[in-house]
Amino acid sequence: MATTARKGSKPIFRTARPYTETEWPALTSVQRRNIMDLLCSLLQPLGDHRRAHIRPSKGTKRKREARKDAQSEQPANPPPPHPPEIQTHILIGLNSVIRHLESLAAQNAPPTAPSHGEETLSPRVKASDAGAPRPLALVLIPHNHPPASLPHANIPTLVHLSTMDSPPEKATRLLAVPPGCEPVIAEALHIPHVGALGILEGAPGADALVAYVRENVDVTRCRWIDEAMGPEWKGIKVDTQQA
């Protein structure tokens with residue numbers, strides 16, 4: 001029986017960026033466990049308040065029934081107590097974190113940086129910029145490799161741009177944790193989903209968490225920004241893959 005000759009693999013060539021890739025610190029299992037413990041301890045009072053005093057939405061039908069009940073002659077329930085102070089010092093959700101980072105990047109990046117100037121801001125960011133945005137101490141995203149996730153791909157660059165003028169010890173730290181950590185954070189906050197989480201500088205009760213992260217987690221580095229702004233021809237970089 002004649003054997004068929006195997007065809008050799010065919011190389012595929014494609015152009016790639018000639019700049020250094022963005023670097024963010026990888027957390028060890030011990031660091032991740034300690035950070036998650038400190039973070040959940042910080043967020044748990046807010047989740048307990050939501051669990052005890054905020055009723056989840058039941059849909060439009062239940063809203064109509066609730067409206068009818070409110071019109072009846074039943075005694076009104078007392079207003080819930082104020083939420084923990086930490087609520088006004090954190091950002092929950094991917095959109096909130098990205099908008100805040102965009103505002104910080106536009107304010108702190110040098111004039112030649114790609115995120116400098118109001119023309120690069122979205123209209124929503126411009127409308128929300130009544131005052132100077134507060135610096136972020138920490139940004140947490142539930143994804144180990146941000147470039148592999150389209151919603152998170154630009155966050156490392158925004159974190160770098162937002163603290164370019166800050167000393168390393170005060171720079172925003174990016175925490176890229178595995179997706180399995182998201183349900184733990186969502187449970188602590190008593191919400192169904194956490195796409196991203198930001199903790200503002202000076203958040204009450206966050207001193208231990210911020211100090212531990214700044215001591216053990218390095219800053220995000222985007223060397224390609226400085227390389228791209230420099231007047232130097234980088235040549236053409238070609239990647240070769242076997243089909």
Extension gain SER29-ASP226, at 0.36 nm per residue separation less the Cα-Cα distance, in nm?
67.7 nm
Subtracting the Cα-Cα distance from 0.36 nm times the residue separation, let me have the gained length for GLN241 to HIS82 in nm, one decimal.
51.4 nm
Segment ARG55-GLU169, length gained on full extension (0.36 nm per residue, minus Cα span):
37.0 nm
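Every read-out reported here was derived from the displayed coordinates using simple, explicitly stated rules and does not represent laboratory data. Just so it is clear, the model here is predicted, and its values are computed rather than measured.
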